[in-house]
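> Provided herewith is a single structure, encoded as structure tokens, for subsequent inquiry.
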Amino acid sequence: MHYIILTALLLLLAWAPSLWVQHVLRRHGAERADLPGTGAELARHLIERLELDGVTVERTDTGRDHYDPTTRTVRLGAAHHDGRSLAAVAVATHEIGHAIQFARNEPVSRLRSRWLPLANTLKRAGILLLAALPVVAIVVAPAAMVGVVALSLVLQLAGALAYLIVLPEEWDASFGKAMPILAAGEYVAEDDLPAVRGVLKAAAWTYFAGALADLVNIGRWALILRR
């Protein structure tokens, strides 16, 4: 019974931040006729206004909203690309914040290019190692299986921690870049700034929420293996 309760608590801890992010985006995702444009239209306007030459905007139907520095592309999901909502405006400006970081070659912009590829590699290696356990069991002694599983968990843990390293970059994109742009009053009313601030906070914590889910999942595996 204690194991079931602990597992349930871990799962709640894992998904609560992600559910909060989605709740905030849905809460402020209603269409607003009083806004001057969609998320994509605002993003393109800011690219021109801030002279971010070479940066483009496109709609993506897979994955999260993001800025791809390799192609200099702001990618927005349908709701934020085509939507005329506070969530769309805030998320689009957040991603433009990343474009600004890279255009200025700011030190914070190097966190993603340096650590995210490593995080993805470590995470994939750990997952593949765990998935290969049935095959590994054939070629190694049973006692060595514990070491293989431990190595898998360590790799996944290192990958999750690497995701946390990019949090300063995300926070700067929201509150060092996007919030000053939106607080100037040209794109959203002053009364909407608290809601915009909430969306920007959710956007900044998206990677953290994913990393926390990975960490808790690793903890769940550790509990299973201790039984």
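The values are calculated or read from the model by the stated rules, or taken from the named source; none is laboratory data. The structure displayed is predicted, hence computed values, not measured ones. Every residue, glycine as well, gets a Cβ built from its backbone with ideal geometry; the counts of neighbours run over all protein chains shown.
> When you go through LEU128, LEU167 one by one, which is the residue that is at pLDDT 80 or above, out of contact with any strand residue (DSSP E or B) (no Cβ under 9 Å at 6 or more places or on another chain) and more than 30 Å from LEU42 (Cβ to Cβ)?
On inspection, the qualifying residue turns out to be LEU128.
> So, one more: One residue is enough: does the range 141-164 have a residue meeting the conditions of a type in the set (Phe, Trp, Tyr) and either modelled with pLDDT of 90 or more or farther than 30 Å from THR38 by Cβ (or both)?
No, the conditions are met nowhere in the range 141-164.
> For LEU46, are the conditions met, namely being over 20 Å from the mean Cα position of the chain (by Cα) and free of Cβ contacts under 8 Å to residues at least 60 places away in the same chain?
no
> Whether any residue in the range 119-133 is part of a helix (DSSP H, G or I), over 20 Å from the mean Cα position of the chain (by Cα) and free of Cβ contacts under 8 Å to residues at least 12 places away in the same chain is what I want to check.
Checked the range 119-133: at least one residue is part of a helix (DSSP H, G or I), over 20 Å from the mean Cα position of the chain (by Cα) and free of Cβ contacts under 8 Å to residues at least 12 places away in the same chain.
> Being modelled with pLDDT under 80 and either surrounded by fewer than 18 Cβ atoms within 10 Å (Cβ to Cβ) or more than 21 Å from ARG26 (Cα to Cα) (or both) narrows it down to one of ASP191, ASP172, ASP214, so name that one.
ASP214
> Condition first: hydrophobic (A, V, I, L, M, F, W, C) and either within 20 Å of ASP68 (Cβ to Cβ) or touching a residue at least 60 places away in the same chain (Cβ under 8 Å) (or both). Now tell me which residues in the range 147-170 satisfy that.
Looking only at the range 147-170, we keep the residues that are hydrophobic (A, V, I, L, M, F, W, C), and these are 148-151, 153-155, 157-158, 160-162, 164-167.
Scanning the range 147-170 gives VAL149, LEU153, LEU157, ALA162, ILE165, VAL166, LEU167.
> Out of all the residues in the range 68-85, which are surrounded by fewer than 24 Cβ atoms within 10 Å (Cβ to Cβ) and in a helix (DSSP H, G or I)?
Listed by number, the residues that qualify are ALA78, ALA79, HIS81.
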